[in-house]
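Asker: Have a look at this one.
Every read-out reported here was derived from the displayed coordinates using simple, explicitly stated rules and does not represent laboratory data. Since we're looking at a predicted model, the values are computed, not measured. Using ideal geometry, Cβ is built from the backbone for each residue, glycine included, and neighbour counts are taken over all protein chains shown.
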Amino acid sequence: MATNKINCAQALDLPRPVQPSGLPVVLVAAVALVDKGGRVLLAQRPQGKAMAGLWEFPGGKVQDGENPEYALMRELEEELGIETRECCFSPIGFASHAYNDFHLLMPLFVCRVWRGDIKALEGQQGFAWVLPQDMYDYPMPEADLPLIYQLRDHL
């Protein structure tokens, strides 16, 4: 995938691009857990996984038959040991990003209410509570970067 960045006005002067064919769309739900101080939890991806060491919003793949909120309830319990409910999630935006072998569609939710103490249950290297304006100091997957802007504007 090309990494040259141009603005939208410049892009309109170019021929209409051809959509890549054959890329499966992967739906991944992400959540910004926000504490009372307005800080957001970032988790560091474990060694041995794609993009190991990068920081990301907690969440995971939406399985067949799940909606994004249910997937988040399941993933947060499996990965962090916390309990939530659908009514705890407020959708604020999404990312749409083409990687080499799939296209990621990732809705982002905000959650301010959960039960339990956050702990690493699936090999995360670490956690950080970060103010939205400081998230740029943490290396994140390319797909997550637009979500920072959306989150900052929402909070």
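Asker: Once the Cα gyration tensor of the chain is diagonalised, what are the square roots of 5 times its eigenvalues, in whole Å and ordered largest first, as equivalent ellipsoid semi-axes?
Answerer: Ellipsoid half-lengths, sorted descending, are 28, 18, 16 Å.
Asker: Return the single residue from Val18, Val31, Val62 with maximal mean-square fluctuation; model: Gaussian network over the chain, springs between Cα atoms under 10 Å.
Answerer: Among Val18, Val31, Val62, the largest mean-square fluctuation in the Gaussian network model of the chain belongs to Val18.
Asker: Using a Förster distance of 35 Å, how high is the FRET efficiency between Glu86 and Ala128, based on the Cβ-Cβ distance and rounded to 0.05?
Answerer: Efficiency computed from Cβ-Cβ geometry: 0.85.
Asker: Another question, then. Calculated FRET efficiency, Ala120 and Ala98, Cβ-Cβ r, R0 25 Å, to nearest 0.05?
Answerer: E between Ala120 and Ala98, to the nearest 0.05, is 0.25.
Asker: Only bridges with both residues in the chain count here: give the DSSP antiparallel percent, nearest 5.
Answerer: The antiparallel fraction comes to roughly 75 percent.
Asker: If the cut-off is a Cα-Cα distance under 26 Å, which lysines reach Lys61, setting aside same-chain residues fewer than 8 apart in sequence?
Answerer: Candidates past the 8-residue exclusion: Lys49, Lys119.
Asker: When Lys and Arg each count +1 and Asp and Glu each count -1, what net charge do the other residues less than 11 Å away from His97, Cβ to Cβ, add up to?
Answerer: Net of charged neighbours comes to -2.
Asker: Additional query: Have a look at Pro15, Pro24, Pro91 and tell me which one the Gaussian network model of the chain (Cα, springs below 10 Å) gives the largest fluctuation.
Answerer: Maximum fluctuation in the GNM of the chain, among the listed residues, is at Pro15.
Asker: Okay, helix-only estimate at 222 nm for the chain: each DSSP H run of n ≥ 4 adds -39500 (n - 2.57), divide by all residues, round to 500 deg cm²/dmol; what do you get?
Answerer: Calculated at 222 nm, the ellipticity per residue is -5000 deg cm²/dmol.
Asker: Enter the angle in degrees (range 0 to 90, nearest 10) between the Cα long axis of helix 68-80 and the first principal axis of the Cα atoms of the chain, meaning the one along which they spread out most.
Answerer: Orientation of helix 68-80: about 60 degrees from the principal axis.
Asker: In degrees, nearest 10, range 0 to 90: what is the angle between the Cα axis of helix 145-154 and the longest Cα principal axis of the chain?
Answerer: Taking Cα atoms only, the helix is inclined about 60 degrees.
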